[in-house]
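A.B. asks: What follows is a structure written as structure tokens; I'll ask about it next.
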There are 2 protein chains.
Amino acid sequence: MRDRKLYRVGIPLAVVAGAFLLAMSCADGGGQVSGDVGDIAQARGLSQADVTAALKTYVPTGKMDEYLLFSSAGHGGQVLVIGVPSMRLLKVIGVFTPEPWQGWGYGAEDTHLVLAEGEMNNRPITWADTHHPALSETDGDYDGQYLFINDKANPRIAVIDLRDFETKQIVTDPLMASNHGGAFVTPNTEYVIEAAQYAAPLDGSYAPLSEYEEKYRGAITFWKFDRDAGRLDLDQTFVIELPPYWQDLSDAGKGPSFGWAFLNSFCSEMATGGIESGNPPFEAGCSANDMDYLAIVNWQAAAEVAAQPGKTVQIQGRRVIPIQTAVEEGLLYFAPEPKSPHGADVTPDGTQIIVSGKLDPHATIYSWEKIQQAIANQDFSGTDDFGIPILNFDAIIDGQVELGLGPLHTQFAGNGVAFTSLFLEPSVVKWNYEQMQVIEKLPVHYNVGHLAAAEGDTKSPDGNYLVSLNKWSLDRFTPVGPLLPQNFQLIDVAGPQMQLLYDSPIGIGEPHYAQMIKADKLNVWQTYPEIGFDPRRMAPAEDPAMPGEERIERRGNEVHVYMTAIRSHFTPEHIEVNQGDNVVIHLTNVEQALDATHGFAVDKHNINVSIEPGESQVIRFTADQAGVFPYYCTEFCSALHLEMVGYLLVKP
Amino acid sequence: MRDRKLYRVGIPLAVVAGAFLLAMSCADGGGQVSGDVGDIAQARGLSQADVTAALKTYVPTGKMDEYLLFSSAGHGGQVLVIGVPSMRLLKVIGVFTPEPWQGWGYGAEDTHLVLAEGEMNNRPITWADTHHPALSETDGDYDGQYLFINDKANPRIAVIDLRDFETKQIVTDPLMASNHGGAFVTPNTEYVIEAAQYAAPLDGSYAPLSEYEEKYRGAITFWKFDRDAGRLDLDQTFVIELPPYWQDLSDAGKGPSFGWAFLNSFCSEMATGGIESGNPPFEAGCSANDMDYLAIVNWQAAAEVAAQPGKTVQIQGRRVIPIQTAVEEGLLYFAPEPKSPHGADVTPDGTQIIVSGKLDPHATIYSWEKIQQAIANQDFSGTDDFGIPILNFDAIIDGQVELGLGPLHTQFAGNGVAFTSLFLEPSVVKWNYEQMQVIEKLPVHYNVGHLAAAEGDTKSPDGNYLVSLNKWSLDRFTPVGPLLPQNFQLIDVAGPQMQLLYDSPIGIGEPHYAQMIKADKLNVWQTYPEIGFDPRRMAPAEDPAMPGEERIERRGNEVHVYMTAIRSHFTPEHIEVNQGDNVVIHLTNVEQALDATHGFAVDKHNINVSIEPGESQVIRFTADQAGVFPYYCTEFCSALHLEMVGYLLVKP
């Protein structure tokens, strides 16, 4: 019978042996290396569902994860890269926060230049509250080339190149006090969308809260992306002024809704808090109304308007389309949406927008076709206090579906299937927005914020994996102090019923959103293409140290050291300078082997650089202290790694 | 038969069902939620060994890991906490590197004070090359109270309290240019051992390499630990001068060898490098001799000598026992050891020391009894250039066992069983040091440095799990750029043969050593014991904000804000100050629920504080910019988390 099975479906012999062992699990004594499947499951208290979950998530040595999950690290300020289905943390990418293992902000001049781009009001900002990563798209699908991510606390966007997984650019938005509705990309990454959260004067000035309606404003910035340069282009970037409501999430239209963007606004009450003075706190004041607004923005037309003379005003060096102009030009409309909306998620075919109001148990399904008709027919219920036309709610929705308590964010699986997080239940609800019915609920642990489905916000979702980004973990993990990890739960959504597969603790940061891409879509560099390469310019370095040309050149009080690193030595091994000299080290890793990274640390100088194979970096510092300072390789690169050292000698 | 099995060993019905399914895997179609075990294994290409490995490492939701692995993050500067057997990263503890998610060095005054303790030569040092974590011990076993870790690049030791997993103290060692042989504790944590690596003048002055033998020195510091205070006590700390050799690892004697410490020295050639001048590079110069030295130090006697007047010299404010005094007082001996030794590991019973020379294929087993006899008999082969007696090699070893290429580090499993890492093969060798024979080798992926066995360096190893800390991962993981993660491989060592269970990528740092402790040994606080608690002093805060007493007090140009945080608001929600005012926020999280952490960020001010339930912190900054700055909760704490906000208004 075992032979027949082998013949019929070609099960590997080992698996058949496993099958036999399992059937025989207690008849034979076990004890062989791999143990006995039945005995192990029993000994570890694994249920049948646990056993299948274990097999669905286990990636054996030598095999690789199928997907990469790019997650924000929340107020950790970085990006997390996690393999799916194993849920293993493959890399923490240094983005807004200096990180020494990667040499991010610890001596490599280029990394300091990128971090310096992120200064605000001339103050270095060395962390971020990263919320929403956005993979670059071509024709509405992830193309695996770039990743963008926003900073809520200090309105900024970072650009990461997915060839080497390094941050290449940070841009700041001085008009905003805070952002939340970013980063979201248009279907060909023409623009990166960033929307303000908490309102403030756009010119950065002081104004009392008593002048909130007159002087405080919201804004939405459309950052132009230059794909060839791999940089956001400030000159082609424009801003649209918004009322002082607070923007939550954004999404870009696609297919029939291409050219438009959709943004939630909440706190349209324009509450200004003040619990200490007997006013309603923000939590109450911003939740008083039954309806807030979905902002509907024509970014394609806005780009043309922004290019016309006299249609924009300059605020802090940015081109801003005033609200009135946006209204006159037909760039901006509001749709009423149920209370305290969080997500505004465009369906894969671009024909509908699904909005969930976290204080309303329903998801509201807006029809793009009906929105267009209502705009054409000027089917408005009126305008808001700032003259923005409000579309007639009943005229533009396909319907509402009761999902449960605290619906936040929706992802898609194709064929009308959607998944929405329910923060308060807490669970994930699987439903069909075409048939307008709930299919199934799965409890999660605990308090889920966003969801990330495999390519679940593209025009072609994969419909196999879903990750629930849970904010509280409570009793899920071995205690590690009063600050608990978050809990990413992997869910199998390929079958007729959802199955919870895996709990993965996030012990570095508090992620908000993540995107999951098929790993084979990326074109990752495993080493730099040539020796003496500059990762920031992604081109050969201008003045690199090259093998055979190592030297020390004094230029006045500037000492240039051309140094190479190779297993297991630096050349040169001695650097002698005078106290007060400026030292400039041109350092090149001349290795060409995969994984042959070297580190370069100078003791007591706060310098640690990571140089990957081929990489060249420049390290500048002042030798302001006399003494003897070893420099050495901080990556365990070879058996004689501890001997990969030199001495910096600083003469008084 | 199935009933008999149930009856006989009580396998859960679900598992039996699973057994049946697996046996029938191709006969039935599968398709139920949990899928069909056989079909899943086949579809995912899992071998029988993979299936058992998956079941041995899978921890289902609601169950917890049995062990905690405390690992250095290498030049990431932090400590990693990993659950075993799942190998999930539960937490990254902020130690030497500022980390905003934990609010470590981002505005909470106490965290800045701890980080400031780590300044060297008045220069802030904001990273570390952490190498060796050491769990506190009582009677030679981990007691789960404290964790110590060293910084190689900037000789320092940090103290972490395992009640709240926060760093409480950083001490600096100005005598050293670099350390490696730390942190290692004595059996009751009387002292934390720290040994210098690269030699330099102890007084921190400049000296040319031509004066290396005269002016450069090594050192070993014994940091006294005050367990009640939870701090290292500088006043009771002492140093022993060493020759300018380079120290690698250390270990403390236990049982019969209690009171002694053992340190490897390498580069006893006193090579000074200079490849650029035609000298042999360090890698060659430091590997020329066949023998280096094992330093044998009587720390118990040394503590008494250090307390005697005239026996020590003061160098940079530290009590130093000169080499000559150490020799005269019988505190310091050398034993020859084969070339370029890395590990010096004391057996669980304390009767033997196992040394592996990474350029020698053998492990050398030293007998503590024979060492004592040789010392008593003055059985010396001579002295080194500094007058330190060298014990007769043949008189003190029990033997040598050929293990393989590049032996680095040894851990224990009891009953004479040891595991040694072989960097060059690369593999882990299981052998018996009593029977002096190799039992088995297991290939690892790749280039293993240290090993960490369950309680494997205590007097009572558990002998079930072993982690191989591999430095290169090459083809093991989905590509994430030219900088690759390291690879921790979990190995089942409970059975007669080792089984590789799991590959876990380390994508944040490059760990060197780790220790694995039974999780139930820790007494972890899940919230702080009372509202208004100061984590640094581990006591009630001196001037905390308390509920009902929130207020704003102006004291000259200092504005004191007494603020509380609770779901979902801060009190007060408005802070209005004048430009130039010094703002002091006394912030208390008045929650008492597990996991009810709040964050506190001030936009554009580089401030982000994490306050756990009950915690109180002080945040000081100067309001040097006029404008409107929202402050908000950075931990997604409730459905109305986005409304947990206030406004800092700075009047020009």
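The values are calculated or read from the model by the stated rules, or taken from the named source; none is laboratory data. None of the values given here were measured: they were computed from a predicted structure. Cβ placement follows ideal geometry from the backbone for every residue including glycine, while neighbour counts extend to all protein chains displayed. Areas reflect the complete protein model, heavy atoms only, side chains present, ligands, DNA and RNA absent. Shrake-Rupley method; radii C 1.70, N 1.55, O 1.52, S 1.80 Å.
A.B. asks: Under a 1.4 Å probe, what is the accessible area of chain B per residue, stated in Å²?
C.D. replies: Values: 18510 Å² over 652 residues.
Per-residue accessible area for chain B comes out at 28 Å².
A.B. asks: For A:A116 and B:R554, what does the FRET efficiency come to when R0 = 41 Å and r is the distance between their Cβ atoms, rounded to the nearest 0.05?
C.D. replies: 0.70
A.B. asks: How about region B:406-443: which of its residues lose at least 50 Å² of accessible area in the presence of all protein chains relative to their chain isolated, using a 1.4 Å probe?
C.D. replies: Buried by the other chains: B:F423.
A.B. asks: Another one. Rounded to whole Å and ordered largest first, report the semi-axes of the equivalent ellipsoid of the protein assembly as shown derived from its Cα gyration tensor (root of 5λ).
C.D. replies: Values: eigenvalues 547, 288, 156 Å².
Semi-axes, largest first: 52, 38, 28 Å.
A.B. asks: Moving on to the next point. So for A:K651, B:K339, what's the accessible-area order with a 1.4 Å probe, most first?
C.D. replies: Per-residue accessible area, sorted high to low, gives A:K651, B:K339.
A.B. asks: Same structure, new question: For A:K518, go through the lysines and keep the ones whose alpha-carbon is under 19 Å away, minus same-chain ones fewer than eight residues off.
C.D. replies: Partners found: A:K56, A:K63, A:K91, A:K459.
A.B. asks: Quick one: pull the percent of accessible area on the protein assembly as shown belonging to carbon and sulfur, 1.4 Å probe, ligands and nucleic acids left out.
C.D. replies: Summing carbon and sulfur atoms, their accessible area is 48 percent of the total for the protein assembly as shown.
A.B. asks: Report, for A:T138, each distance to the same residue's label point in the other copies, shortest first and in nm; define the point 7 Å along Cα→Cβ.
C.D. replies: A:T138 label point versus its equivalents elsewhere: 6.4 nm.
A.B. asks: Express in whole angstrom the spacing between the alpha-carbon centres of region A:44-103 and region A:598-652.
C.D. replies: Measuring centre to centre over Cα atoms gives 31 Å.
A.B. asks: Just to be sure I understand the interface: list residues from region A:275-318 that lose 30 Å² or more of accessible area between the chain on its own and the complete protein assembly, 1.4 Å probe.
C.D. replies: Listed by number, the residues meeting the 30 Å² cut-off are A:I275, A:E276, A:F282, A:E283.
A.B. asks: So what does B:E440 come to for accessible area, using a 1.4 Å probe and Å² rounded to 10?
C.D. replies: Ignoring ligands and nucleic acids, B:E440 comes out at about 40 Å².
A.B. asks: Nearest 100 Å² is fine: how much accessible area is buried between A and B, summed over both sides, with a 1.4 Å probe? Could the numbers behind the result be given before it?
C.D. replies: On the way: alone 27200 and 27200 Å², together 37020 Å².
For A against B, buried area totals roughly 17400 Å².
A.B. asks: Taking each label point as 7 Å beyond Cα in the direction of the beta carbon, state the distances from A:N279 to the same residue in the other copies, shortest first, in nm.
C.D. replies: Values, ascending and in nm: 7.0.
A.B. asks: Using θ = phi - 60° and the Karplus form 6.51 cos²θ - 1.76 cosθ + 1.60, what ³J(HN,Hα) does each residue of region B:252-260 get, whole Hz, x for Gly and Pro?
C.D. replies: Each residue's phi maps through the Karplus curve to give 9, x, 8, x, x, 9, 4, x, 10 Hz.
A.B. asks: Further, regarding this structure: Once you order the gyration tensor axes a ≥ b ≥ c over the Cα atoms, which shape class does chain A get: rounded for a/c under 1.5, otherwise prolate or oblate by comparing a/b with b/c?
C.D. replies: Oblate is the answer for chain A, as a/c is 1.5 or above yet b/c matches or exceeds a/b.
A.B. asks: Amide H of B:G495 versus every other amide H placed in the peptide plane: which residues, excluding those fewer than 5 positions away on the same chain, fall under 5 Å?
C.D. replies: none
A.B. asks: Distance between Cα centroids, region B:314-377 to region A:434-451: provide it in whole Å.
C.D. replies: Computed from Cα coordinates, the inter-centre distance equals 62 Å.
A.B. asks: Which of the aspartates and glutamates could be linked to B:K254 by a straight reach, that is with a Cα gap under 14 Å, when you skip same-chain ones fewer than 8 residues away?
C.D. replies: B:E137, B:D139, B:D141, B:E190, B:D345, B:D349, B:E369, B:D457
A.B. asks: Amide H to amide H under 5 Å from A:E576: which residues, 5+ apart in sequence or cross-chain, H placed 1.01 Å off N in plane?
C.D. replies: The list, which skips near neighbours in sequence, is A:L649.
A.B. asks: Ordered by residue, what ³J(HN,Hα) values in Hz, to whole numbers, does region A:211-221 give under the Karplus form 6.51 cos²θ - 1.76 cosθ + 1.60, where θ = phi - 60° and Gly and Pro are x?
C.D. replies: 9, 3, 5, 7, 10, 8, 8, x, 6, 10, 9
A.B. asks: Could you tell me which of B:S638, A:L490, B:S356 has its Cα farthest along the dipole of the protein assembly as shown towards the positive end, charges placed at Cβ (Lys, Arg +1; Asp, Glu -1), taken about the Cα centre?
C.D. replies: A:L490
A.B. asks: Let me ask something additional. Treating cross-link reach as a plain straight distance, find the aspartates and glutamates whose alpha-carbon is under 14 Å from the alpha-carbon of A:K168, omitting any fewer than eight places away in the same chain.
C.D. replies: Result set, ordered by chain and number: A:E109, A:D110, A:E117, A:D226, A:D228, A:D233, A:D534.
A.B. asks: Provide the per-residue ³J(HN,Hα) series for region A:469-476, in order, calculated from phi with Karplus coefficients 6.51, -1.76, 1.60 and θ = phi - 60°, each as a whole number of Hz, with x at glycine and proline positions.
C.D. replies: 8, 8, 8, 10, 10, 6, 9, 7
A.B. asks: Once the label point is set 7 Å along the Cα-to-beta-carbon vector, what list of distances in nm do you get between A:R227 and its counterparts in the other copies?
C.D. replies: Here the equivalent label points are 6.5 nm apart from this one.
A.B. asks: With each label point set 7 Å from Cα along the Cα-Cβ vector, what nm distance links B:R620 and A:D379?
C.D. replies: About 6.3 nm, to one decimal.
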